[in-house]
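Here the structure comes first, spelled out in structure tokens, and everything after it is commentary.
The values are calculated or read from the model by the stated rules, or taken from the named source; none is laboratory data. Source: prediction; values computed, not measured. Reconstructed Cβ throughout: ideal geometry from the backbone, glycine too, with neighbour counts over all protein chains shown. Note: accessible area is taken over every heavy atom of the protein model, side chains too, but ligands, DNA and RNA are not part of it. Shrake-Rupley method; radii C 1.70, N 1.55, O 1.52, S 1.80 Å.
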Amino acid sequence: MNRIKYIIAAIIGVVIISSCSDYLDKEMDTELDIEMVFDNKTKVESWLAGVYSGIPNPGMEWLNTAGWEIFADDLTPSRRWQQWDWPNIPKIFGEWTPNTQWGAGYWQKMPQLIRQAYIFIDRVHAIPDADLPQKEVDYMKAECRFLAAYYYWLLVKTYGPIPFKPDYITPTDFNLSDLMIGQTPFDEIIDYLDQEMLEAAKELPPSYQSMEKYGRVTSVMCLTIRSKMLLFAASPLVNGNEWYEGHVNSNNEPLFNTTYDPAKWERAADACKLLLQETQKAGHELFVQYNDDGTIDPFTSLEDMFWTDYYEGNREILFPYTKKDDWNNFKYYTTKAVTPEFGGGGGLGVYQGLVDAFFTKNGLPINHPNSGYTETGFSDHKEVRNTSWTGGTGNPGEITSSGTYNMYCNREPRFYTTVSYNGSWYALAERKFDFFKNGMDNNYTHDAPQNGYLVRKKIFPTDNPRDNRWKWRQPFLYRLAGSYLDFSEAINEAYNTGDARREAIKYLNMVRERAGIRQYTFDAVDPADANFIRIEDDQDAVRKAIRMERRVELCAEGSRWDDIRRWKIAEELPEVTGAGYGMNFSGENASEFYKRTEFQSRIWEKAYYWFPIFISELEKNQNLIQAPFWK
């Protein structure tokens, strides 16, 4: 057999994934004889670690490098940060062309990793003398099979239809013309990836008993991504979207199916149902903490979920991110919200639209006539609820103090665990936040909340960048609550029946129960009923309820941008397409500060639903077609 040299340049410079397992911390040699690699257990594990390196980092990558949080309407980083390596901020203000650089670089990075996965599958074999048995090799192959499909999905979700040549390893003596292929239609790619993820799931366990293997791909992880992919593929952006009529590839094939297909929703519902069945078998459940009287404590449940790992009892995590040496990327998110007093940026805020999206304490949206919501005046008493949470005033059970602006009073628990507003408790400083102009938390040139809010979600109360004091937490990409809402949406869209809607609100209500707000019912109940809110038993009403729930339950977790895109609703969101609001950053006192004030104006183009292909790539490959509406 000829001994072929493979230059591992494809993954040089790509950070090697790390987890609790030893081999995921290993590094690769730069040039190795291929047989040398796969005859050596350490080098096999190192190669596999390289394949894992494309799993997105849900800290810095989602926030800045890829920028999913910047493109959406949950988090609003200070616009002034664009001068300090925040290249995605200018994009939301219209400074975006096909030549604009993008830090995540999926177009270049993912094909390299896919190729490495295919080489691994083709070459890896058991090494009994080195404690690498065939069963472990089979697991490794299935992991790579899933990862290759996942990376293809990340490409497709970002760019739309792409050149697609699965199960193909480019030889070292390739002809350039062999690679100059055009895009494959979106649905054809999804069909293939669907089967690949499903087959990989069949070969993998739902979990590992050994902590050393935590973070390796499981069947649950495969099914999680598969269900989310099929949910996206069933959604309005790519299911019967007339916008893309006439968008064809170099072979004159339509790249998107512009005829609505209801079977796509059925397929998504089946995928979500299968995932939930498997998670139940594997012992996954919502993370819940209880008060002394046995009732759910929504405040500590929602907050501690982010500080509790799988082996400490957090079975809500479905897709963990276990790269140990990437901890600085998670500190990055926190650092941008902690104030400069403690070495942070103090400028990672939230949009007023997100503040408004949270329900009131009685589970109703703020614009409902029975919500009790008001923006007039200030509270004349402190509010106390049944919880051990101290994040409201520093004292257990106290949610707001007397004198709190009424906009922030009597809101649901998720609001308080997500948003830091003027007068809310700042545990690190052991005082209230002061966002008035020239106040303790608004007296900085560049690092200040530009609209009077900071994000609180996913930030441990006493994380201190100045003293390098941090609470370890298990990062993750996806959790069970999100999959409950995925299933609710899919089954409601797939089957316009009463039974389907009851199944949809069953899982929606599980999320609301943990959040400490009233659940939905189709039955007639008194408007003041302590446990239930009646909604209409029709598809539109349930769709609206699901979308409102996703907005608040999953905010700041990387999913909002996908939801905006797949629902085709960007044009309906003022803070994505135009004016962004908050409190008056320039206000020096209450009468000046507590006013809805425009702090920025974004620019939106229909082209932004997909990332453009770089001009240089179009010039190299004449068979490529630019993404829709990009000039």
Checking 585, 599 in turn, the sole residue that is assigned to a loop (DSSP other than H, G, I, E, B), out of contact with any helix residue (DSSP H, G or I) (no Cβ under 7 Å at 6 or more places or on another chain), open to solvent by 10 Å² or more (accessible area, probe 1.4 Å) and aromatic (Phe, Trp, Tyr) turns out to be 585
With the first residue restricted to region 549-569 and required to be over 18 Å from residue 417 (Cα atoms) and at pLDDT 95 or above, and the second required to be of a type in the set (Phe, Trp, Tyr) and assigned to a helix (DSSP H, G or I), Cβ contacts under 6 Å at 6 or more apart or on different chains are 561/68; 561/71; 565/609; 566/232
When region 380-392 is checked residue by residue, the ones that are open to solvent by 20 Å² or more (accessible area, probe 1.4 Å) and either farther than 20 Å from residue 359 by Cβ or more than 32 Å from the chain's Cα centre (by Cα) (or both) are 380, 381, 382, 384, 388, 390
Considering region 517-531, residues that are buried (at least 17 other Cβ atoms within 10 Å of the Cβ) and over 19 Å from residue 483 (Cα atoms), and then whichever is farthest from the chain's Cα centre (by Cα), we arrive at 522
Considering region 602-631, residues that are part of a loop (DSSP other than H, G, I, E, B) and charged (D, E, K, R), and then whichever is least open to solvent (accessible area, probe 1.4 Å), we arrive at 602
* To do: Take residue 265 and decide whether it is touching a residue at least 24 places away in the same chain (Cβ under 8 Å), assigned to a helix (DSSP H, G or I) and open to solvent by 20 Å² or more (accessible area, probe 1.4 Å).
  => no
Residue 431: passes all of (1) surrounded by fewer than 21 Cβ atoms within 10 Å (Cβ to Cβ); (2) farther than 22 Å from residue 352 by Cα; (3) in contact (Cβ under 8 Å) with a residue 24 or more places away in the chain but (3)
The condition of being part of a loop (DSSP other than H, G, I, E, B), at positive phi and more than 20 Å from the chain's Cα centre (by Cα) holds, among 451, 438, only for 438
Scanning region 68-81 for residues that are under 20 Å from residue 338 (Cβ atoms) and either part of a helix (DSSP H, G or I) or without any contact (Cβ under 8 Å) to a residue 12 or more places away in the chain (or both) gives 69, 70, 79, 80, 81
Condition set of a type in the set (Lys, Arg) and at pLDDT below 95, scope region 60-113, selection surrounded by the fewest Cβ atoms within 10 Å (Cβ to Cβ): answer is 80
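A quick yes/no check of all residues on (1) of a type in the set (S, T, N, Q); (2) in contact (Cβ under 8 Å) with a residue 60 or more places away in the chain:
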| residue | (1), (2) |
| --- | --- |
| 462 | yes, no |
| 467 | no, yes |
| 479 | no, yes |
| 483 | yes, yes |
| 493 | no, yes |
| 496 | yes, no |
Check: Going by the structure shown, is residue 505 among the β-branched types (Val, Ile, Thr), under 25 Å from the mean Cα position of the chain (by Cα) and assigned to a loop (DSSP other than H, G, I, E, B)?
Finding: no
Residues of region 305-331 being within 27 Å of residue 425 (Cβ to Cβ), surrounded by 20 or more Cβ atoms within 10 Å (Cβ to Cβ) and either touching a helix residue (DSSP H, G or I) at 6+ places or on another chain (Cβ under 7 Å) or modelled with pLDDT under 95 (or both), in sequence order, are 316, 330
Just one listed residue, out of 123, 216, is crowded, with 23+ Cβ neighbours inside 10 Å, among the basic types (Lys, Arg) and in contact (Cβ under 8 Å) with a residue 24 or more places away in the chain, and it is 216
Residue check for residue 423: within 30 Å of the chain's Cα centre (by Cα), under 21 Å from residue 470 (Cα atoms) and crowded, with 17+ Cβ neighbours inside 10 Å
no
